[in-house]
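Working notes, structure below.
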Amino acid sequence: MPTPSESDKALRISEARYRRLFESAQDGILLLNAETAEIEDANPFLKNILGYSHKELLGKKIWEIGAFKDTLLNKEAFIELQTNRFIRYDDLPLVAKNGACISVEFVSNVYDCEGTKVIQCNIRDNTKRHLAEIALRATTRSLKMISESNIALLKSDTEMILLTEYCRIAVESGGYLLAWVGLTEDHDDKNVKVISQFGQDDGYLELCKITTSKDDFSNSLTGRAIHSQKIEFSDNIATDLKMTHCQKEASKRGFKSAIALPFQLPNNKTACLTLYSSKLDIWSPTEHSLLAEKHKTFPLDSLL
């Protein structure tokens, strides 16, 4: 039978081992009071994920921390955890202290520690995997749009029908809110004429008055694309200083991001396909390339 001193030594060794594991873990760990939901401890790696210091976390309820506000981890979820003793989210979107959007796997368990209930939350950063999945979905979406566009090219009798089909495919198969094609009529007229569109417009294009004028094109995604003959995109219309002319109207219609893909006409004029999405940051470099390849040329001779 071990002596009291030997038992104390074994306990200290056990506690030291636990502390090393806790502090060296490559996942974020939170320990919560199971009755109050207050954070009682947090390991160092959590700061790498969320940016909050140990001091900033201690004593706070989990839903009071900025990263967890407006997420599924609310008071109702805490009551569910108390009842079921387990909760899991495979892809929980959080916002780090620096404003970065991340995706985490969040697993929480209730267990007994010397007669006291404790909640342990393990938080694993899934952002890289999540971004890879988004990129894969985006590429699949673009390939589907290209495939359907090729079929439309074979079936359409006129260029106008074909362009309308391209816009419809972008909305119905690509998941965009609005797709439209525009071009300038002649060298002197800087206004961009809408020649085809599909989706949720509600007067947006008329109100925004798209132009390629040097005085205005810097505030027009489509105007910049036609002027530069390069892909232009806005990952966040609401905060993009180059989209100030249409931010208010875009917000009303749920347009959060946009991409403009210019293409050359047979007479060397430039037209543009512009797509609006309800999501932020949705275009991967691969999708840029796929969309650009598809929309380099369109058979528009008869429209001019």
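Of all residue pairs spaced 6 or more apart or on separate chains, those with beta-carbon atoms under 6 Å, a first member in region 88-107 that is touching a residue at least 40 places away in the same chain (Cβ under 8 Å) and a second member that is part of a loop (DSSP other than H, G, I, E, B) and of a type outside the set (A, V, I, L, M) are ALA96/GLY51; LYS97/GLY51; LYS97/TYR52; ASN98/GLY51; VAL104/ASN126.
What do you reckon, is VAL104 over 18 Å from ASP41 (Cα atoms) and in the same structural domain as GLY28 (by the TED database)? The answer is yes for VAL104.
Consider ALA100 carefully, then state whether it is at pLDDT below 80, among the aliphatic types (A, V, I, L, M) and under 29 Å from LEU273 (Cα atoms). No, not satisfied.
Residues in region 116-139 that are modelled with pLDDT under 70, more than 13 Å from ASP91 (Cα to Cα) and among the β-branched types (Val, Ile, Thr): THR139 alone.
Total residues in region 230-244 satisfying the condition of being of a type outside the set (A, V, I, L, M) and out of contact with any Lys or Arg (no Cβ under 8 Å at 6 or more places or on another chain): the figure is 6.
The values are calculated or read from the model by the stated rules, or taken from the named source; none is laboratory data. Everything numeric here is computed off the predicted structure, so don't read it as measured data. Every residue, glycine among them, receives a Cβ derived from its backbone with ideal geometry; neighbour counts consider all protein chains shown.
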